[in-house]
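Please read the structure below before turning to the comments.
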Amino acid sequence: MILNDIVQDIYTLEDEMRIYERKYGVLSETFYQSYAAGEEPLDESWVRDWTAWASAYTLHTKRRKQLEEISAMNIIEESSSQF
């Protein structure tokens with residue numbers, strides 16, 4: 001996956017998570033902590049949203065980590081080329 005794809009994924013996932021944050025009135029990080037702890041939705045009609053939200057959050061976290069790794073590699077390459 002190239003850098004541009006990762007950045008585009010991050011923006012798309014952030015947009016998706018923002019929709020759920022507005023709908024349920026909670027930040028994604030807070031939601032995911034509850035979700036990961038096994039908290040279930042108060043209403044059964046929320047199950048699909050919660051599953052999609054958790055998936056978006058998980059993939060967003062993965063993409064951010066990939067971006068950080070690529071950025072760190074670029075910094076190392078730039079600093080080693082200066083010597």
> So what is the calculated 222 nm ellipticity per residue for the chain, using -39500 (n - 2.57) for each DSSP H run with n of 4 or more, over all residues, to the nearest 500 deg cm²/dmol?
Replying inline: -27500 deg cm²/dmol
>> If you fit an axis through the alpha-carbon atoms of helix 3-24 and take the longest principal axis of the Cα set of the chain, what angle between them do you get, 0 to 90°, nearest 10?
In response: 20
> By the scheme Lys and Arg +1, Asp and Glu -1, what is the net charge of all other residues having a beta-carbon under 15 Å from that of residue 46?
Replying inline: -3
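We did not get these values from a lab; they are worked out from the coordinates using the rules stated. Computed from a predicted model, the values in this text were never measured in an experiment. Note that we place each Cβ from the backbone using ideal geometry, even for glycine, and neighbour counts take in every protein chain shown.
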